[in-house]
Amino acid sequence: MLLAGCLAGFSSLNAQPILHDTFDTLNTTTLWDAGSTSGSGTIEVSGGNLLMQTGTTSGSHRNTLLTQAASYNPYGRVLTMTASALTVNSTDTTSTGLNSFYFMIGHAEGTTTSFYAPNRTYFDGGDGYGMISVTVSTSDSGSSIQVGDVGSTYNYDTYAISGIPTDITFTLDGTAETFTYTLTLTGATYTDGGGNSISGTITHFTQTIDATDDIYFALGDINSGAVSVITNTSLGQIDVVSVPEPAASGLLLALAGLFLAIRMRRQRA
């Protein structure tokens, strides 16, 4: 029983939720800042879902939720970001441009909420600025998912997928010199290979961001180019979980073992 308690305590310390929102309400008091580039764009919650519409067909218009806390720096830990119960233009898709949903971590060149979008222009200004983004897009011609990596230079990895996934899990490992990621889909597969998981590296973000920088989390929807149908998205839940680097995890486990040994010795005495 004591060992189980120690292991449970270790597990709790090992994985730390830093963001969990089921969108029963839209918390713009302590959790989010909300912004829209269009006067007709909307962000609301209904039935436990976050609902967003760009409100216009013009390119680049978007809605954004940006965390008020800057606690998402990935250095020295693994961050797992999961968007659940997602739909993007479930009834009608665009014939031009792309209807897109995104989430990201980063620090933009300015305090405007809507700067937090998968556009390198807001993040390539040098030291202290950068972003890592995941953008899923759809149109009449198909669906894709893209990982953005922006520092002083940039790269976008784009993958064709079978459709809009219901859940997206992006696991970012910042414990080694070269960051790596795994992007796992539920409800869709990658066209090349047919699996639901793919991996890659992050090398540009780390050019300008270090372990001391404030990093925010953001999500939103966006017209990727001019579209024929406005972008509308629904999201049931967003989660970000942090796991410390292996050295820290090992130390916690060692401390749990030491505590257990001391308790057992005292019981025998």
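Read-outs: derived from the displayed coordinates by stated rules, not from any lab. For clarity, every value in this text was computed on a predicted model and none was experimentally measured. Here the Cβ positions follow ideal geometry from the backbone for every residue, glycine too, while neighbour counts run over all protein chains shown.
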Summing Lys, Arg as +1 and Asp, Glu as -1, what charge do residues with Cβ under 15 Å from the Cβ of THR180 carry, THR180 excluded?
-4
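When N counts the residues of segment 163-246, how does its alpha-carbon radius of gyration compare numerically with 2.2 N^0.38 Å, as a ratio?
Working: Rg = 15.8 Å, N = 84, 2.2 N^0.38 = 11.8 Å.
In units of the 2.2 N^0.38 Å rule of thumb, it is 1.33.
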Based on Cα positions only, what radius of gyration and what Dmax would you give for the chain, in angstroms?
20.3, 78
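For every helix of n ≥ 4 consecutive DSSP H residues, a contribution of -39,500 (n - 2.57) applies; sum these over the chain, divide by its total residues, and give [θ] at 222 nm rounded to the nearest 500 deg cm²/dmol.
Numbers: 3 runs with 40 residues, N = 269.
Result for the chain, helices only: -4500 deg cm²/dmol.
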How many percent of all Cα-Cα pairs in segment 110-158 sit more than 15 Å apart?
48
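Tell me the chymotrypsin sites (Phe, Trp or Tyr not before Pro) within segment 186-250 that lie in a loop according to DSSP and have at most 16 other beta-carbon atoms within 10 Å. It would help to have the intermediate numbers written out before the result.
Values: sites: TYR190, PHE205, TYR216, PHE217; in loops: none.
Within segment 186-250, no chymotrypsin sites (Phe, Trp or Tyr not before Pro) qualify (loop, at most 16 other Cβ atoms within 10 Å).
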So what are the ³J(HN,Hα) numbers for segment 226-236, from phi and the Karplus equation (6.51, -1.76, 1.60; θ = phi - 60°), rounded to whole Hz, Gly and Pro as x?
5, 10, 8, 10, 4, 7, 9, 10, 9, 9, x
What angle do you read, to the nearest 10 degrees and between 0 and 90, between the alpha-carbon axis of helix 2-14 and the longest principal axis of the chain?
40
Taking other Cβ within 10 Å of each residue's Cβ, how do HIS20, HIS61 sort, fewest first?
HIS20, HIS61
Once the Cα atoms of helix 246-268 and of the chain are each reduced to a long axis, what angle between those two axes, in degrees from 0 to 90 to the nearest 10, is obtained?
30
